[in-house]
Structure formats: structure tokens, C-alpha cells
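Accompanying notes for the structure given below.
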Ligand code: GRF
């Protein structure tokens, strides 16, 4: 058992996004509809001030913040990292959920939230890590792809896998059509993993 906690104790999460925020929305809907209980979203963080997901989060009454990550282009480090660590601690956040957050998480945040950062990735890891996972699957003529929720470590999409959902790749799939079907699975996977964490933890591996 990797993430082991007292069952049904309230789980306070922060969700990190960069643009559309549909996975975040699926989590917020699950909470609103009481499919996902004992989870509260303390904050939605975006490194992009124009992220559509920020508006969606506000429409659910959730606090949002824009985190200026300059001067870095692809990672969350330095002053922004220090700032967010202190905000998340102040809000007693138990778990960080990355949902389309397009920056590498570095050592400062990882060590402050060791084994308490999870991510969703649109492939069956370890296959197709990094950017454009759906295009990679189509180019590789994979027969099956899907999505993965995993713990975040210092590597690229490399942390311990929590759960996966499979999606068949059709012969005439394009990156877009495959991405749409995978996204649908993502939306039903993320809140279920959170539900299992609230129920007492998630088991990694066999
Ligand atoms: C999803 O495909 C997720 O797996 C990946 O980025 C995309 C985010 O989409 N990490 P959205 O912002 O949740 O709509």
C-alpha cells in the first residue's frame, strides 16, 4: 500500500491545469454529484492565466490561482515553486492532482509532497511518455492504448502506476479521434482513483 490513509478521512486536494481543464471538471462534477465524497478541492492552480479551466473551476465555486512560472518555460521551479509549496501547506493540501499541467515538476515540490502528487497521462505507460502520446500511439500502429494515473517522481511520466484504462486503437484512428476516446476514459478514471484513495489508499503493483 503506497498511499495509505485513514478511511473516509477528508481528503483535501489541489488540481493543477494548463488549459482546457476537462479532467478537473470531471472531478468537480463527481464531487458535486456526490459520487465522490469526502474530497474537497482547496485550489485550482494554472500556469496559464487564460486557461479555460480556471473559469470552469470558478463556476463550481472553487478558488483559483494563476501561478507565474517565469523565467522557466517548461518546468515549475524557483520562486514559483517556493510560493506554491507554501500556499499548499497553508491550505493543508493532502494531495496534488496534475490534470493537463504542462510543466515538469521538480525536486522542491516533489520532496515537499513526496508520494502525494499524482498525474494523468493519455497512454498506457510506460508506453508513449511525454508529449503527444496519442499521436505516438497512432504512429506506432499500436492496437491498444489508454490512460494512466501514476505518482509523480523526478522523471518524465515515470512514477509508480496506480491505475490504467485501456482503449482500442482503430485502424482509421487519427490522433484526434483516439484522443477523444481516451479522454472519455480519463474522465471516468480520475475520480474513481480519488474515491479509492479516500476509502483507505491505493495499492501499487501486484
Ligand atoms: C489529458 O489528455 C491528460 O491526460 C493530459 O493532458 C490532457 C488534459 O486535458 N495530461 P484537460 O485539460 O483535462 O481537458
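Every number here is computed from the coordinates shown, using simple stated rules; none is lab data. Because the structure is a prediction, the values reported are computed rather than measured. Counting neighbours? That spans all protein chains shown, and the Cβs are built from the backbone with ideal geometry, glycine included.
How would segment 78-163 be classified by its alpha-carbon gyration tensor: rounded, prolate or oblate, with rounded meaning a/c under 1.5 and the a/b versus b/c comparison settling the rest? Don't skip to the end; give the middle numbers.
Working: a/c = 2.90, a/b = 2.30, b/c = 1.26.
It is prolate, given that a/c is not under 1.5 and a/b is the larger ratio.
Return 86, 18 ranked ascending by Cβ neighbour count within 10 Å, so the fewest neighbours appear first. If you can, show how the numbers build up before the last one.
Numbers: 86 11, 18 17.
Least crowded to most crowded, the residues run 86, 18.
Against the globular-protein guess of 2.2 N^0.38 Å, express the Cα radius of gyration of segment 154-206 as a ratio, rounded to two decimals.
Values: Rg = 13.9 Å, N = 53, 2.2 N^0.38 = 9.9 Å.
For segment 154-206, the normalised Cα radius of gyration is 1.40.
Efficiency by 1/(1 + (r/R0)^6): what FRET value for residue 33 and residue 141, r their Cβ-Cβ distance, R0 = 45 Å, to the nearest 0.05?
Numbers: r = 38 Å, r/R0 = 0.86.
Given R0 = 45 Å and the Cβ-Cβ separation, E is 0.70.
Counting other beta carbons within 10 Å of each Cβ, put 90, 82 in order, fewest first. The partial results should precede the final answer.
On the way: 90 9, 82 13.
Fewest-to-most ranking of 90, 82: 90, 82.
Tell me, Kirkwood radius of segment 1-67 from alpha-carbon pair distances, in Å? Let's see the in-between values first.
On the way: mean 1/r = 0.0803 Å⁻¹.
So the Kirkwood estimate lands at 12.5 Å.
So what's the convex hull volume per residue for the Cα atoms of segment 127-166, in Å³? It would help to have the intermediate numbers written out before the result.
Numbers: hull volume 2.3 nm³, N = 40.
Here the figure is 58 Å³ per residue.
Tilt of helix 22-32 relative to the longest C-alpha principal axis of the chain, in degrees (0 to 90, nearest 10)?
60 degrees
How big is the antiparallel share of DSSP beta bridges in the chain, given as a percent to the nearest 5?
Details: 13 of 32 bridges.
Taking every DSSP beta bridge within the chain, about 40 percent pair in antiparallel fashion.
In segment 47-206, if every C-alpha pair distance is counted and binned at 5 Å from zero, what percent goes to each bin?
Per 5 Å bin, starting at zero, the Cα-Cα P(r) for segment 47-206 comes out as 2, 8, 16, 19, 20, 18, 11, 5, 2, 0 percent.
What shape does segment 1-130 take by its C-alpha gyration tensor, where a ≥ b ≥ c are the square roots of the eigenvalues and a/c under 1.5 counts as rounded, a/b above b/c as prolate, and the rest as oblate?
Cα axes put segment 1-130 in the rounded bin.
Using a Gaussian network for the chain with springs between C-alpha atoms less than 10 Å apart, which of these wobbles most: 103, 89, 192?
89
How much length would be gained if the chain were fully extended between residue 68 and residue 104, taking 0.36 nm per residue of separation minus their Cα-Cα distance, in nm to one decimal?
On the way: separation 36, 0.36 × 36 = 12.96 nm, distance 1.44 nm.
Result: 11.5 nm gained on full extension.
Within segment 147-180, which residues have the backbone N less than 12 Å from the label spot 7 Å out from residue 52 along Cα→beta-carbon, could you tell me?
In segment 147-180, the label zone of residue 52 (backbone N under 12 Å from the point 7 Å along Cα→Cβ) covers no residue.
Fewest Cβ neighbours within 10 Å first, please rank 46, 19, 40 accordingly.
Values: 46 24, 19 16, 40 12.
Least to most surrounded, the residues fall as 40, 19, 46.
Please build a GNM for the chain, connecting alpha carbons under 10 Å apart, and tell me which residue among 77, 25, 175 fluctuates the most.
Judging by the Gaussian network model, the answer is 175.
Rounded to the nearest 10 degrees, what's the angle between the helix 175-198 long axis and the longest principal axis of the chain, both from Cα atoms, 0 to 90?
Approximately 40 degrees, to the nearest 10.
If you count, for each residue, the other Cβ atoms within 10 Å and average over each peptide, how do 165-171, 120-126 line up from highest to lowest? Intermediate results must be reported in sequence, preceding the final value.
On the way: 165-171: 14.7, 120-126: 20.3.
The packing order, highest mean first, is 120-126, 165-171.
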